[in-house]
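Heads up: the structure comes next, in structure tokens.
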Amino acid sequence: MRQVPAEQVTETVERLFIEANYHLPPDMVSVLEKGEREEQNPVAKSVFRTILDNRRVASEGKFPLCQDCGMAVVFLDMGQETAVTGGNLENAVNEGVRRAYDKGYLRKSIVGEPLFERKNTGDNTPAILHVRVVPGERVAITVAPKGAGSENMSALAMLSPAAGPEGVERFVIETVRKAGPNPCPPIVVGVGVGSDFEGVAELAKRALLRPAESSSSHPRYAALEAELLRKINDLGIGAAGYGGTVTALGVNIEWAPTHIACMPVAVNLCCHANRHCSAEI
Amino acid sequence: MEKCRRLNAPFLEKEASNLRAGDEILLSGVIYTARDAAHKRMSEALARNEKLKVDLSGAVIFYAGPAPARPGEPMGSIGPTTSYRMDPYTPLLLELGVKGMIGKGERSEDVVSSMKKNGAVYLGATGGIAALLARTIVASRVLDYEDLGPEALRELEVRDMPLVVLIDSLGNSMYREGPAKYGKNGK
């Protein structure tokens, strides 16, 4: 059995969170440049230019892209032929988060208890950790720091199967319309369809990891993604909500089998700083 | 956005009343950061008739919680958080003299009517351009609530911070006019 030291997991998580917070992924840079070219409203066009300037300053490594350095969301695929040695996996991930947010001068934004005390944990832990056990030896880690402005505007509905694709469309568009300027448009829209109540939310979040301009491998979902993108941009919200022709940079749908009586749909919005970064151990 | 005007904080109602939704502003002077937790503490302190460490007269409050500053820098990345979460606390602060707020996103009807009554403006900084905005902060110090970390009440000295007037003291909103012009579905 292959052995991976817990310390190596920690170091990888640390490196990825710093990288993600200072360097916008290439897929996002490319859709932002395209958005800047296509935007019709001069005011919104200048917002695109500012976002791209900001990304250049952040990439110098002194100031993170956004002051909201996010909740530390970690997707970890653990090969079943591999054992983590010298420590507990969850602790190893949290230690990586702790080091990244300290050494990277990243904002610590987590409160330990949500309702009464709301005291900051001071080190941005705990991470939101999604572990999948997969065949083989591979350990794959993706980190996705997620800001609250867009997370707060996300929504989930347990639709009736009779609602059909039109019902899903209506819910997604209504969610984006209601969010207006709050999630820092131009946004990326992650949509989950199917699974169950908690599963559909994870699908929507995973959809945000796909490159913003990619299409679903299923042709009917790919067509729905394109249709949703067009209709969202027809809302006219625009960059920063100042009005414009480019509100979303991409719509990604992930789907999964569901119950005969269910049609869950979840919409996870992400701001223009759709940060994600991956590595394999 | 018509023309770029310079504005110094703190400012008076008269200066606020000259601003119109859509105006581009370069703001300099002294402003304060306060977000969710600091607003809650300020309103609790005021309910107990305690004096705040911030002078609210003509004050501008920036809804922001910055990233930590690196050694030798006055400020880390900083940008607006979504303003609606401060709405429940805002009318009281406007009654006590606050003349400007910096944030992003729509405000409640209560906030807008209090802005009209008290002659205040709501200014917007683009969300997510925090590295650029950090470079407009010349100096910063914690005034109160240091235990809140990024949510502490801070005093900032800013120079030429680029802002837009989102809602003016007459209640005109940039968020209504822009999307109405570019939307294709009606709303």
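For the stretch B:150-187, filtered to residues that are free of Cβ contacts under 8 Å to residues at least 40 places away in the same chain, assigned to a helix (DSSP H, G or I) and surrounded by 18 or more Cβ atoms within 10 Å (Cβ to Cβ), the residue that is nearest to the chain's Cα centre (by Cα) is B:178. The set of residues from the stretch A:233-245 being surrounded by fewer than 24 Cβ atoms within 10 Å (Cβ to Cβ) and in contact (Cβ under 8 Å) with a residue 60 or more places away in the chain comprises A:235, A:245. For residue B:40, the conditions (1) assigned to a helix (DSSP H, G or I); (2) without any contact (Cβ under 8 Å) to a residue 24 or more places away in the chain are fulfilled apart from (2). Against the criterion of being free of Cβ contacts under 8 Å to residues at least 40 places away in the same chain, away from chain A (no Cβ under 13 Å) and surrounded by fewer than 16 Cβ atoms within 10 Å (Cβ to Cβ), residue B:50 qualifies.
Give the stretch A:49-74 a look and list any residue that's over 20 Å from the mean Cα position of the chain (by Cα) and surrounded by fewer than 24 Cβ atoms within 10 Å (Cβ to Cβ), or say none.
Correct list: A:49, A:50, A:53, A:56, A:57, A:60, A:61, A:62.
Contact annotation: residue pairs with Cβ atoms under 6 Å, 6 or more positions apart or on different chains, pairing a residue in the stretch B:62-79 that is at the interface with another protein chain (Cβ under 7 Å from one of its Cβ atoms) with a partner that is among the acidic types (Asp, Glu) and crowded, with 17+ Cβ neighbours inside 10 Å, are B:65/B:151. Residues in the stretch A:80-97 that are touching a strand residue (DSSP E or B) at 6+ places or on another chain (Cβ under 9 Å) and either among the aliphatic types (A, V, I, L, M) or under 21 Å from residue A:276 (Cα atoms) (or both): A:83, A:84, A:89, A:90, A:92, A:93, A:94, A:96, A:97. Scanning the stretch A:213-251 for residues that are hydrophobic (A, V, I, L, M, F, W, C) and in a helix (DSSP H, G or I) returns A:222, A:223, A:224, A:226, A:228, A:229, A:232, A:239, A:240. A single entry from A:47, A:43 fulfils the requirement of being within 22 Å of residue A:250 (Cβ to Cβ), of a type outside the set (Phe, Trp, Tyr) and not assigned by TED's automatic domain parsing to the domain that holds residue A:134: A:47. Filtered by the rule that a residue be assigned to a helix (DSSP H, G or I), within 12 Å of another protein chain (Cβ to nearest Cβ) and either over 20 Å from the mean Cα position of the chain (by Cα) or under 23 Å from residue B:81 (Cα atoms) (or both), the stretch A:171-206 gives A:174, A:176, A:177, A:178, A:179.
The values are calculated or read from the model by the stated rules, or taken from the named source; none is laboratory data. Since this is a predicted model, take the numbers as computed values, not measurements. Don't worry about glycine lacking a Cβ; one is built from the backbone with ideal geometry, like all the others, and counts go over all protein chains shown.
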